[in-house]
Amino acid sequence: MNKNNTPIVFLQASSLGNDMDLSIFDDLGQVTYIENATNDEVPGYLQGAEIAITNKNIFDQKTIDACPSLKLIALTATGTNNVDLDYCTKKGIKVANVANYSTDGVAQLTVTMALALALHLKTYDEYVKSGHYVKDEQFSYFGLPFHNLSALTWGIVGLGHIGSKVAEIATSLGSYVIYTSLSGHDRSSVYERVDLDELLTQSDIISVHCPLTDRSYNLFNKSTFQKMKNTAILVNTARGAIVNEEDLKEAINNHEIYAAGLDTFKKEPLPLSSPLYQIEDQDRLILTPHVGWGSFEARDLLVKEVYRNIEAYLNGESRNIVNEK
């Protein structure tokens with residue numbers, strides 16, 4: 001195979017940021033770079049293309065059938081729920097992903113969100129900047145008491161690479177770490193494994209690091225929130241659909257839980273109609289635009305890993321193919 005003539009289409013080049021050098025892909029074939037192809041545009045861009053590089057584009061049966069020359073979908077992500085893997089296998093299309101490139105970045109955002117909410121940083125920052133601090137004439141203000149992390153239990157849903165990194169950091173801060181495995185498998189001999197209900201009732205901070213599956217979809221809902229402490233903090237840096245956003249709004253407004261930090265949402269970008277904007281005390285909510293995976297180092301590694309996946313395919317090798325039987 002003459003790789004220099006291989007037609008490749010990068011469907012969502014802008015999703016990796018303008019500070020990434022994507023020119024390395026030009027060594028692999030004839031590359032067409034599209035800033036951000038919509039799902040409806042995908043079949044048109046992929047006519048004659050053998051390789052598609054994409055992040056979030058939907059590859060369902062209709063789209064796959066409309067791309068007869070496609071042989072490889074190279075994902076610039078770990079998650080594969082936007083691709084019909086079974087149908088790709090049936091059609092002889094390989095799907096490659098990249099795992100574990102963003103562990104440090106997602107873990108550090110998770111912990112940062114949890115600490116910011118636990119220590120009421122947004123409120124205390126505004127207290128000073130608004131002028132209330134100087135008006136009160138006290139050198140300290142404790143209107144919102146907070147606790148040492150060593151006094152808190154940190155519950156982790158999904159103890160994979162990211163969950164394990166968060167557990168390591170939380171432990172170093174003194175928290176007692178427990179975890180639950182939705183698959184039912186023991187993931188560690190270091191941390192205590194509990195069932196979901198016990199994790200909900202015992203944890204002061206809960207962070208979510210599991211994949212989106214039928215088991216985890218809508219996992220945090222009205223019933224779940226009612227089992228949590230009314231002082232509990234929820235942090236979701238996994239998949240948005242794991243949290244029911246309407247129920248989260250009600251849980252915070254009704255003081256069933258204290259606060260939440262979310263980096264992912266059921267629909268992205270987050271629409272202005274989202275119930276999250278209707279949470280009355282926005283100091284009890286931190287929202288970030290799906291950035292946990294995107295440290296410079298993580299994106300740089302991701303680009304290089306996608307390159308290696310395509311290079312392996314062109315050399316007749318299998319690398320990070322997720323739909324091989």
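Of interest is the spacing of the C-alpha centroids, which for region 275-325 and region 183-221 amounts to 22 Å. Extension gain, Asn230 to Asn4, is 75.4 nm, computed as 0.36 nm per intervening residue step minus the present C-alpha separation.
Residues whose amide H lies under 5 Å from that of Cys67, counting only those 5 or more places away or on a different chain, are absent; hydrogens are built 1.01 Å from N in the peptide plane. For the pair Val190 and Thr171, the difference between a 0.36 nm per residue extended length and the Cα-Cα distance amounts to 5.8 nm. Using Cβ point charges alone (K and R +1, D and E -1), the dipole size of region 200-325 about the Cα centre works out to roughly 300 debye.
In the chain, the portion of solvent-accessible area held by carbon and sulfur atoms comes to 49 percent [1.4 Å probe, whole percent, DNA, RNA and ligands not counted].
Annotation: per residue accessible area for the chain equals 49 Å², rounded to a whole number [probe 1.4 Å, protein chains only].
Rounded to the nearest 10 degrees, the inclination of helix 103-118 to the longest alpha-carbon principal axis of the chain is 20 degrees. Computed from backbone phi with θ = phi - 60° and the Karplus coefficients 6.51, -1.76 and 1.60, the 3J(HN,Hα) list for region 152-157 is 10, 9, 10, x, 10, 9 Hz; x is used for glycine and proline.
Averaged over all directions, how much area does the convex hull of the C-alpha atoms of the chain cover when projected, in nm²?
Numbers: hull surface 74.6 nm².
So the Cα hull casts an average projection of 18.6 nm².
Ordering Val243, Leu119, Thr153 by Cα displacement along the dipole of region 103-287 toward the positive end leaves Val243 in first place; charges were set at the Cβ atoms of Lys, Arg (+1) and Asp, Glu (-1). The charge dipole of region 103-287, taken about the Cα centre with unit charges on the Cβ atoms of Lys, Arg (+1) and Asp, Glu (-1), comes to about 240 debye, rounded to the nearest 20. Using the Karplus relation 6.51 cos²θ - 1.76 cosθ + 1.60 with θ = phi - 60°, the per-residue 3J(HN,Hα) values for region 207-220 come to 10, 10, 9, 8, x, 7, 9, 4, 6, 9, 4, 6, 4, 9 Hz, with x marking Gly and Pro.
Which entries in Lys94/Lys267; Lys129/Lys165; Lys135/Lys267; Lys122/Lys227; Lys90/Lys222 show an alpha-carbon gap greater than 31 Å? Cα-Cα > 31 Å for Lys129/Lys165; Lys135/Lys267; Lys90/Lys222; rest within. Helical content of the chain, expressed as a calculated mean residue ellipticity at 222 nm, amounts to -8500 deg cm²/dmol (DSSP H runs of 4 or more residues, -39,500 (n - 2.57) each, divided by residue number, nearest 500).
Shown in residue order for region 179-184 are the 3J(HN,Hα) couplings computed by the Karplus curve 6.51 cos²θ - 1.76 cosθ + 1.60 at θ = phi - 60°: 8, 10, 10, 5, 7, x Hz (x for Gly and Pro). For the chain, the dipole from Cβ point charges (+1 on Lys and Arg, -1 on Asp and Glu) about the Cα centre works out to 560 debye, to the nearest 20. For region 193-325, averaging the sequence separation of C-alpha pairs within contact (under 8 Å, six or more residues apart) and dividing by the residue count gives a relative contact order of 19 percent.
The values are calculated or read from the model by the stated rules, or taken from the named source; none is laboratory data. Here the structure is a predicted model, which is why all the values come from computation and not from measurement. Note that each Cβ is placed from the backbone with ideal geometry, even for glycine, and that neighbours are counted across all protein chains shown. Surface accessibility is based on the protein's heavy atoms, side chains included, excluding ligands, DNA and RNA. Shrake-Rupley method; radii C 1.70, N 1.55, O 1.52, S 1.80 Å.
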